[in-house]
1. Determine which member of the set 188, 169, 137, 120 is within 9 Å of the ligand (Cβ to nearest atom), β-branched (Val, Ile, Thr) and within 17 Å of the chain's Cα centre (by Cα).
2. Could you identify the single residue in 355, 347 that is crowded, with 17+ Cβ neighbours inside 10 Å and within 24 Å of residue 69 (Cα to Cα)?
3. Please find, within segment 197-216, the residue that is nearest to the ligand (Cβ to nearest atom) out of those that are among the charged types (D, E, K, R) and not in a loop (DSSP other than H, G, I, E, B).
4. Determine whether segment 64-74 contains at least one residue that is surrounded by fewer than 20 Cβ atoms within 10 Å (Cβ to Cβ), assigned by TED's automatic domain parsing to the domain that holds residue 31 and without any contact (Cβ under 8 Å) to a residue 12 or more places away in the chain.
5. Quick one: in segment 175-185, which of the residues that are outside any loop (DSSP other than H, G, I, E, B) and crowded, with 22+ Cβ neighbours inside 10 Å is nearest to the ligand (Cβ to nearest atom)?
6. So, restricting to strands (runs of 3 or more DSSP E) that lie completely within segment 344-423, which ones have at least 3 residues that are hydrophobic (A, V, I, L, M, F, W, C)?
7. So, of the residues in segment 126-147 that are of a type in the set (Gly, Ala, Ser) and out of contact with any Ser or Thr (no Cβ under 9 Å at 6 or more places or on another chain), which turns out to be farthest from residue 190 (Cα to Cα)?
Amino acid sequence: MEDVDLAVRTAAAAAPGWRRLAAFDRGRALMAIARRMVAELEELTRLECAETGKPAALAEAEIRGAAEYFEFYASLVHLPSGDVLDVRPDLHVYTVREPYGVVGVITPWNLPLNQAARAVAPALAAGNVVVVKPAEVTSGTTVELARIADEEGLPPGVLTVVVGPGATVGTAIVEHPLVRKVAFTGSVPVGQSIGRIAAERILPLTLELGGKSATIVFADADLTRAASEAVRAFTTNAGQVCSSGTRLLVERPIHDEFVALVAAAASAVTVGPMITEKQFETVRHYLTVAEAEGARAVIGGAVGEGRHVPPTVYTGVTNDMTIAREEIFGPVLAVIPFDTEAEAVALANDSDYGLVGGVFTADMSRAFRVAGAIEAGQVYINSWSTQSVQMPFGGHKASGYGREKGIEALNHYSHVKSISVQL
Ligand code: NAD
C-alpha cells in the first residue's frame, strides 16, 4: 500500500507546520474552503447525484451542510485551548489541548461529502493533518474537497485523499504507525475489525456505526405532524441513513388510525434508488424475511424496477423479529404497538443499537422524561432529525463511541496535557 504510506508520510511531514500556524490563519484556511464549497455547490451537487442517485435537493442540502462544518470549526479555532488549575499556591498548573498528528478518516457512501467534512473540519481545526479514504463507489466529491483545499492554499499534505477498497486501503490507514487517531463512519462489522487493529495499536477511535432507531408516538401527539415526520424519518435518502427512524412505536389506542396516516403520507413519497445492486439485494432479502416471519406490509413489501424500493410499512411486528433488530438501510418501517410509557421506553432501548430516538407527545413532562430515558446519542421531541453542526452526534452501544459535530468533536480530535510549574 505505497499510496497510503506516501500519503501518511507526507501528512506527517506537514503536521508540525500546520500545528504551528496561528489560529487566525488556520481558521481563515477553513473558512476559504467553506466559501469555495458554496461557490461550487452546483458542480458538487451534480457529482454527488451522479455517484449516489440521490435527489438534487437532498444532495445540495448535504453539501451546504458540509460547507457549514468548515465554517463552524473555522470559528472554533479561537476557543481557549486549556485551563489554569488551582492546585497549590507554589504551583502554576495548566492544561493544553494538543492535536494527535495524522488522523485517518474512513467514510461510507450514503452522505459522501457531508460525512467527510464532518470529520475533516474539526480534525483540521484542532491542528491535525488528515488522510481520508472515501467509500469506493462515492469517492468523487471527497477528491474534489482535496482539490478545493489545495486551490485555496491549504499547505500540501495537510489534507490528502486516498481512494480504493476498504479491505486494503482502509486497513493500511488504520495499521500505519504514523496514524495516531482514526475516525470511522460505516458498518458495525468493519467498525469491529478496525477496533481489533486499534486494540493492538492502542489507537484512539471515533466510531459512527449503524442504528435501529425508534420513534415513539403517544396518543396525545399532533398525529398529522407526527405521521409526516415519521415518514421523513424512514424515507429520506431512500432509508440509507444511519439515523433513520426505522422502528415506529405507537400507543395502542391510536395504532390503526396512525398507521393509516403514515401509510397515506408514505405512499405520496417518491424515493430514489438503492445505491448499489448489493444494497438493493440486501433490502430485497429483508422484505422476504419480514414476510416469512409474519409481518404484514400495509404498503410496499416488494421491490420495484431500477433498484427502487417503494416505502414499505410493516405492522404485526414484534421487537424480536429480524426487521425490528437489524439495520436494513432501505425505506422500510416496522410498526410496534405499546400500552404504557415504561413499555415504550423498554422497547426503544431493547436494541443492540443506540444512535437516535424520537418522541411525539403534547405532554412535555413526559417528553423530557422519555428523552432522558432513551439510550441514544440524540433524541428529537416532536420532530425528527433536527440536524445541525452545533449538535454533538454519536452513538450508544453498537452505534459506536466518540462524538462528531459540535464543540464536543474537538475533544475527540485532540488530547489534553497537564503541565505544572514549581514557582
Ligand atoms: P462499510 O462499513 O462497508 O464501509 C464504510 C467505509 O469503510 C468505506 O469507505 C469502506 O471502503 C471502508 N472499509 C470497508 N472495509 C474496511 C476494512 N476492513 N478496514 C477499513 N476500512 C474498510 O459501510 P457502508 O456500507 O459504506 O455504509 C453503511 C453503514 O454505515 C451503515 O451501517 C450505516 O448505518 C453506517 N453509517 C453510520 C453513520 C453514523 O454517523 N453513525 C453515518 C453514515 C453511515
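1. Being within 9 Å of the ligand (Cβ to nearest atom), β-branched (Val, Ile, Thr) and within 17 Å of the chain's Cα centre (by Cα) holds for just one of 188, 169, 137, 120, which is 188.
2. Working: 347 fails: within 24 Å of residue 69 (Cα to Cα).
So the residue among 355, 347 that is crowded, with 17+ Cβ neighbours inside 10 Å and within 24 Å of residue 69 (Cα to Cα) is 355.
3. The first filter runs over segment 197-216 and keeps only residues among the charged types (D, E, K, R), leaving 200-201, 208, 212.
Subsequent filtering for residues that are not in a loop (DSSP other than H, G, I, E, B) retains 200-201, 208.
Details: 200: 14, 201: 13, 208: 3 Å.
The selected residue is 208.
4. No, that holds for no residue.
5. 185
6. Values: elements: 356-360, 378-381, 414-422.
Hits in segment 344-423: 356-360, 414-422.
7. By that ranking, first place goes to 140.
Residues checked against (1) more than 15 Å from the ligand (Cβ to nearest atom); (2) more than 27 Å from residue 97 (Cα to Cα):
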{"site": "329", "(1), (2)": "no, yes"}
{"site": "346", "(1), (2)": "yes, yes"}
{"site": "352", "(1), (2)": "no, yes"}
{"site": "382", "(1), (2)": "yes, yes"}
{"site": "392", "(1), (2)": "no, no"}
{"site": "411", "(1), (2)": "yes, no"}
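The values are calculated or read from the model by the stated rules, or taken from the named source; none is laboratory data. Treat the numbers as computed from the prediction; the structure is a model and nothing was measured. All Cβ positions, even for glycine, are placed from backbone atoms using ideal geometry, and neighbour counts span all protein chains on display.
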